[in-house]
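Notes for the one structure printed next.
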Amino acid sequence: MNYSQIHLALTHVPVVLSIVGLIVLALAMFKRNDTLNKTAFYFLIFAGLFSIPVFLTGEGAEEAVEHLPGVSESIIESHEEFAKLAFSVVGVAGIFSVAALVFYNSIRISRLLKPLVLLLSLTSASLMTVTAHFGGQVRHTEIRSGATVETGGKTSNDVQSNASAGIDQQEFKK
């Protein structure tokens with residue numbers, strides 16, 4: 001397994017765990033449910049842990065695709081910049097989630113940590129989503145802004161991919 005395969009295999013895990021952790025924590029705080037609070041903290045801890053191999057394999061994944069046709073260096077750079085920020089915030093959210101679990105029975109500390117972790121989880125879920133969006137654009141040109149334009153009932157991507165595959169445009173219209 002190479003860096004790209006590891007990166008792609010694990011990349012969705014911290015994104016999903018960050019979002020689920022945020023939702024569960026918000027629900028837990030609304031319902032004042034200790035079990036849901038602790039569950040949310042574990043989701044956020046695992047989001048932070050899974051972000052480590054994803055982040056560390058990012059550079060190798062970039063090297064594997066940066067010279068492929070249709071890959072945009074500016075999109076890779078945007079993905080990389082957001083990834084650095086998202087990695088930092090999800091890591092801090094994970095660390096504060098550990099602290100929230102350790103000091104869970106200390107009412108004074110717990111009252112401070114829960115809203116802080118909620119804010120960090122909101123920030124990390126947002127940053128992870130934007131990072132994932134740019135990551136998807138690296139190889140999925142169909143999700144790039146303005147990538148699909150209607151041309152005779154078919155998108156410009158359909159026309160371009162058929163043209164590059166050697167299909168006559170007259171046959172395409174039939």
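The values are calculated or read from the model by the stated rules, or taken from the named source; none is laboratory data. Quantities reported herein were computed from a predicted structural model and do not represent experimental measurements. As a convention, Cβ positions derive from the backbone with ideal geometry for all residues, glycine included, and neighbour counts pool all protein chains shown.
Summary table
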{"item": "Answer residue from segment 17-55, given it is under 17 Å from His79 (Cα atoms) and free of Cβ contacts under 8 Å to residues at least 40 places away in the same chain and is surrounded by the fewest Cβ atoms within 10 Å (Cβ to Cβ) among those", "result": "Ile52"}
{"item": "Residue match in segment 24-41 (condition: among the polar types (S, T, N, Q), at pLDDT below 95 and within 28 Å of Val98 (Cβ to Cβ))", "result": "no"}
{"item": "Hits in segment 102-111 (condition: in contact with a helix residue (DSSP H, G or I) (Cβ under 7 Å, 6 or more places away or on another chain) and exposed (fewer than 15 other Cβ atoms within 10 Å of the Cβ))", "result": "Phe103"}
{"item": "The listed residue being out of contact with any strand residue (DSSP E or B) (no Cβ under 9 Å at 6 or more places or on another chain), without any contact (Cβ under 8 Å) to a residue 60 or more places away in the chain and either loosely packed, with under 14 Cβ neighbours inside 10 Å or under 30 Å from Ala28 (Cβ atoms) (or both), out of Val117, Val98", "result": "Val98"}
{"item": "Test: Val102 is of a type in the set (Val, Ile, Thr) and at pLDDT below 95", "result": "no"}
{"item": "Segment 56-67 - residue that is touching a helix residue (DSSP H, G or I) at 6+ places or on another chain (Cβ under 8 Å) and without any contact (Cβ under 8 Å) to a residue 40 or more places away in the chain and, of those, surrounded by the fewest Cβ atoms within 10 Å (Cβ to Cβ)", "result": "Glu66"}
{"item": "Criterion: hydroxyl-bearing (Ser, Thr, Tyr), out of contact with any Phe, Trp or Tyr (no Cβ under 9 Å at 6 or more places or on another chain) and assigned to a helix (DSSP H, G or I) - qualifying residue of Ser51, Ser4, Ser18", "result": "Ser4"}
